[in-house]
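First comes the structure, then the notes that go with it.
The values are calculated or read from the model by the stated rules, or taken from the named source; none is laboratory data. Worth saying up front: this structure is predicted, and the values here are computed from it rather than measured. Positions of Cβ are backbone-derived with ideal geometry, glycine not excepted, and every protein chain shown enters the neighbour counts. Protein only, heavy atoms only, side chains kept; ligands, DNA and RNA dropped before computing areas. Shrake-Rupley method; radii C 1.70, N 1.55, O 1.52, S 1.80 Å.
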Amino acid sequence: MDAIDGLKDKYLTAIAAAADEAALEEVRLAALGKKGEVSLLMRGLGAMTAAERQTAGPALNALKDELTEALAQARARLADAALDVRMAGEWADVTLPPRALPQGTIHPVSQVMDEITAIFADLGFTVAEGPQIESDWYNFDALNIPAEHPARQDHDTFYMARAEGDNRPPHVLRTHTSPVQIRALEGRGVPIRVIAPGRVYRADYDQTHTPMFHQVEGLAIDRDISMANLKWVLEEFCRAFFEVDGVELKFRASHFPFTEPSAEVDIRCSWAGGQLKIGEGDDWLEILGSGMVHPKVLAAAGVDSSEWQGFAFGMGIDRLAMLKYGIPDLRSFFDSDLRWLRHYGFVPLDVPTLQGGISR
């Protein structure tokens, strides 16, 4: 017992004298480490007689607990002392103006949405919005997409779960913003000129596709609208968006269920030196799909196609941002990397306008 009392006085004194964490750790190892004096005595309990263990065992356990508690208190004391030193050197005068903080930036998708809205507003288009969870009718049937179309398969579209016994057509995460066109026609009537930007969802994921992305659809309905009007609107948009006067578009015949005739639109460009330049060169880049609104789509929205006609178009906002601002990977848009956002982001509150500049 005298040996135990001696160890207690020795290590309590050493703990009290420890000036920093390193010195405190040396004391702990010397006493309670694998080869520490207290640990060695505890391992020696097995060689004692039963009577000796009844006396030495509780005494050693009590010593170990006391030293452990003393070490914890010493650590807290050292931490408080370090905090006091730090606080003394980091005082702040609250009467001084605040220091400049890191400034947030606007995401490229938000920036491009604002640019598109500004351009089409100048062309007489208003913005229409709709739900992201759509009925099967608005997302497919009203847009003349037949039941056997690949877009209606589970491998391409996210269908919402239905309650057991519910035989109604399922709702979907909208695969395009075209349903907004139907809702706008139903709610506003004709004539009409709207764009519908927003999130859309498809089951795809790679360098140029993500399960959630952004599109903008355009719709113009009047009594005498033609493909010539569509061509002019798209040329004006591309000229303003890419900020290039010499824009040349090429319309290629295509097929979309909701337009007839339909056309995919390419823009003249150059990839010289690995850098995209719009309006020059001998290459062509597909940027959107378009066409004259199918009579069945007009009928689904309650519009008489014998009196009214018009055009529609759709393009990917994320893809436009990648092309204009040189962003190589679509997945980076959704990684929440602040370094990426600081590099590609835009100044807050600097709203794009045709007069003040689209991109800054």
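May I ask you to list the residues in segment 18-36 that are touching a residue at least 24 places away in the same chain (Cβ under 8 Å), within 17 Å of Ala62 (Cα to Cα) and either under 50 Å from the mean Cα position of the chain (by Cα) or open to solvent by 70 Å² or more (accessible area, probe 1.4 Å) (or both)? Passing the criteria: only Arg28. Taking segment 246-342 as the region of interest, the strands (runs of 3 or more DSSP E) fully inside it that hold 2 or more residues being closer than 27 Å to His209 by Cα and charged (D, E, K, R) are 249-256, 259-270, 283-293. So is Phe158 more than 30 Å from Arg339 (Cα to Cα), of a type in the set (Phe, Trp, Tyr) and modelled with pLDDT of 95 or more or not? Taking the combined requirement at face value, the residue does not satisfy it. When each of Ile4, Ile15 is tested for being over 58 Å from the mean Cα position of the chain (by Cα) and open to solvent by less than 40 Å² (accessible area, probe 1.4 Å), the lone residue that passes is Ile4.
Inside segment 225-272, can you point out the residues that are without any contact (Cβ under 8 Å) to a residue 40 or more places away in the chain, of a type in the set (Phe, Trp, Tyr) and more than 13 Å from Ile287 (Cα to Cα)? The answer is Trp232, Phe256, Trp271. Take Gln181 and decide whether it is under 16 Å from Ser290 (Cα atoms) and either more than 27 Å from the chain's Cα centre (by Cα) or part of a strand (DSSP E or B) (or both). The answer is no for Gln181. Of all residues in segment 105-152, those that are in a loop (DSSP other than H, G, I, E, B) and within 26 Å of the chain's Cα centre (by Cα) total 7. Any residue at all in segment 279-287 that is touching a helix residue (DSSP H, G or I) at 6+ places or on another chain (Cβ under 7 Å), at pLDDT below 95 and surrounded by fewer than 22 Cβ atoms within 10 Å (Cβ to Cβ)? Checked against the condition, which is being touching a helix residue (DSSP H, G or I) at 6+ places or on another chain (Cβ under 7 Å), at pLDDT below 95 and surrounded by fewer than 22 Cβ atoms within 10 Å (Cβ to Cβ), segment 279-287 yields at least one hit.
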